[in-house]
Amino acid sequence: DAKTTQPNSMESNEEEPVHLPCNHSTISGTDYIHWYRQLPSQGPEYVIHGLTSNVNNRMASLAIAEDRKSSTLILHRATLRDAAVYYCILRDGSSNTGKLIFGQGTTLQVKP
Amino acid sequence: EAGVTQSPTHLIKTRGQQATLRCSPISGHTSVYWYQQALGLGLQFLLWYDEGEERNRGNFPPRFSGRQFPNYSSELNVNALELEDSALYLCASSLDGSGANVLTFGAGSRLTVL
């Protein structure tokens, strides 16, 4: 699986937008970009995923660079409940690849 | 729709014993994944089952094993428990193993080895 690089931690103020970056310079043409988050004492939860085009859902937006070597998860208005570890992961969509490999992720702190 | 359910929520064992953890995937999902998360550490991939077969395995010793049943539920067995096996064990399911599909995780089973 191609590798991703994320900052170890970020801080945000409540009700402000948050942009979480992810670099994936070795991404292949069939790799999907997935984002998951893990709140304290819980299992990870799916946030958003995309292949080439920007994606929006009720939780967040995913902005994918034109060359696909980086992406940004956007939380439009951070709340205290968004404090979590955010993982950016690549998964090959061309075959049954199975495992999802988690890196260290970005720990997001949200200040009131 | 029911999510991924895991049992038991907590399990306490002593060194050398065996632990069995169970997972029921979302209805219609054929792929089940197991992860280990030791306290303060990241998620380590353990096993992937799809259509009743073990498809992939992480870097864990053979005393970690499991199986997937015809109804796609799964169990994880850990034999000869060691203290460092104490961790949160997470199960996830997806429609299949394709990278286009997302994983849904359960709340986990907390295993404590004394």
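Tabulated data for the structure shown
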| item | result |
| --- | --- |
| Enumerated strands (runs of 3 or more DSSP E) restricted to region A:1-93, each holding at least 1 residues that are within 12 Å of chain B (Cβ to nearest Cβ) | A:31-38, A:45-50, A:84-92 |
| Pairs with Cβ under 7 Å, 6+ apart, first in region B:83-102 and in a helix (DSSP H, G or I), second buried (at least 21 other Cβ atoms within 10 Å of the Cβ) | B:85/B:78; B:85/B:111 |
| Residue in region A:89-101 that is among the polar types (S, T, N, Q), under 29 Å from residue B:4 (Cβ atoms) and at pLDDT 90 or above present | no |
| Options B:107, B:80: the member that is out of contact with any Lys or Arg (no Cβ under 8 Å at 6 or more places or on another chain), among the aliphatic types (A, V, I, L, M) and in a loop (DSSP other than H, G, I, E, B) | B:107 |
| Residue satisfying all of: in region A:1-58; closer than 15 Å to residue A:100 by Cα and of a type in the set (Lys, Arg); nearest to the chain's Cα centre (by Cα) among these | A:37 |
| Qualifying positions in region B:1-23 - in contact (Cβ under 8 Å) with a residue 60 or more places away in the chain and of a type in the set (S, T, N, Q) | B:5, B:6, B:7, B:9, B:14, B:17, B:18 |
| Output for region B:57-81, where each listed residue is in contact (Cβ under 8 Å) with a residue 40 or more places away in the chain and surrounded by 13 or more Cβ atoms within 10 Å (Cβ to Cβ) | B:72, B:73, B:74, B:75, B:76, B:77, B:78, B:79, B:81 |
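The values are calculated or read from the model by the stated rules, or taken from the named source; none is laboratory data. All values derive from a computational prediction rather than experimental measurement. Virtual Cβ from ideal backbone geometry, glycine too; neighbours counted across all protein chains shown.
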